[in-house]
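Accompanying notes for the structure given below.
The values are calculated or read from the model by the stated rules, or taken from the named source; none is laboratory data. Nothing here was measured: the structure is a model prediction, and the numbers come from that model. Note that each Cβ is placed from the backbone with ideal geometry, even for glycine, and that neighbours are counted across all protein chains shown. The protein model used for the area step is the full one, side chains on, heavy atoms only, and it has no ligands, DNA or RNA in it. Shrake-Rupley method; radii C 1.70, N 1.55, O 1.52, S 1.80 Å.
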Amino acid sequence: MGIFSKKTNNGGNDPFLDALVDYSSNDPGSFVGTGTLRNSDIYAAVSIIAGDLASNPIICDTALYNKMVNERPNSLMDGHSFKYALAVEMLLNGNSFALIDRNNHNLSFVPNNQMTVTQDDVSKQLSYSYSPDGQRNIKLDATEVLHFKYFTRDGAVGISPLYALRDEQRIQRTGNDTLWKFLSQGIHAPTVLTVKQAQISPESRDKIREKFEQQNLGDNALRTIVVDDSIDIRNLPLNTDILKLVNSNDWTTRQIAKAFGLPPERLGVENEHSNQQQSNIQYLQGTLQHYEDCFVSELNFKLNQNFQYDNSRLLSLDPAQQQQLAVEGYTSGLYTRNEARKLLNLDPVINGDNFIERGQLDGQAFDGSSRTASTVE
């Protein structure tokens, strides 16, 4: 049975954008369109996760595979662009693909609209049909394709987090439309025109309204209004409560963060209960680790190697926090002086491999000028 139906190319020249055709149904297997990225919260969530998945190296003991994944997967893409494109496709569409060329040690990114996946009803084995130009169909075995999927019900096909956000996107879009309409009207409340001593037909009312709006709204909103004494102009009270609600409501942003597994502060929502270090750890353990497992498990399975992510960059502290950690570790006897200096990227000192002795804190420094500490018994 077919898992995906191959969509036609949307006419662009960018293979990445070509893969993002319109998302217009309730089918979780539908492809997501570029219009989704016009939502700033979704764009931020995708760019944050994809950026970290691409920036953090995937380490392998075999130098050849290490280079193939992180530095030069193929002749057209560097390692960062390769991993970034795979992550974006997986986040937006639930699946991402790459061809494995074992002879030339290449990995080639494949846009989703060029790959059709089928599963045998009896054996449950997956097979892939690759259509690079929309005409040829190249049959591929599962061992020839890297298939990354995050949320999956059957282990064969992935579902995008966006599938759970259709209602939230509508709510946020409605709020943005309300704000846009308000601002496009020149921040004026509804205007009432009263024509004195006249019986006005519906057609005349429409003409007067259209003429007035043409002259005094949009680019002409700040121009002086001139009327004769046969017309009175007054404005209805301006209700800004709905605008305050639109601007202050972060519910949809929190929902988008929740669907992607992101801490809300990553999307600019204030969280007073965590500092930067706590936020990084929460993000790594609660969010990024799950996405990384999708990449690592597929690489291990298809390439028969031992891959793992290096997240040391994400866990690195700012200089002040790093210095505080080094001082506390040294004074508590957890680090030697040289171990504490190493945390600060300082060179070791003579006799700096001993632990500090209790009662000898006065005069101690990391520059090696104070007396040498004795080993704690």
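Details
- Solvent-accessible surface of protein heavy atoms, probed at 1.4 angstrom with all chains present, puts LYS207, LYS67 in the order LYS207, LYS67, largest first.
- Value of Rg/Rh across region 56-152 [Cα atoms, Kirkwood radius]: 0.98
- Compared with the alpha-carbon gap, the fully stretched path from ARG173 to SER127 is longer by 12.7 nm at 0.36 nm per residue.
- For GLN322 and VAL195, the FRET efficiency from 1/(1 + (r/R0)^6), where r spans their Cβ atoms and R0 equals 56 Å, is about 0.15.
- Packing, taken as the mean count of other beta carbons within 10 Å per residue, orders the peptides 350-356, 88-94 from highest to lowest as 88-94, 350-356.
- Note on ASN106 and LEU344: the extension gain reaches 81.8 nm, defined as 0.36 nm multiplied by sequence separation minus the Cα-Cα distance.
- Distant-in-sequence amide H partners of PHE307 (H built 1.01 Å from N, under 5 Å): ASN300
- Net lengthening on full extension, GLU203/ASP310 (0.36 nm per residue, minus Cα-Cα): 31.4 nm
- For region 66-114, the calculated P(r), taken from all Cα-Cα distances in 10 Å bins from zero up to the bin holding the longest distance, is 28, 55, 17, 0 percent.
- The candidates TYR43, TYR65, arranged from most to least accessible area with a 1.4 Å probe in the full protein assembly, appear as TYR43, TYR65.
- Checking the cross-link pairs LYS67/LYS342; LYS83/LYS258; LYS67/LYS258; LYS258/LYS342; LYS149/LYS342; LYS67/LYS124 against a 30 Å limit on the alpha carbon distance flags LYS67/LYS258; LYS258/LYS342; LYS149/LYS342; LYS67/LYS124 as lying beyond it.
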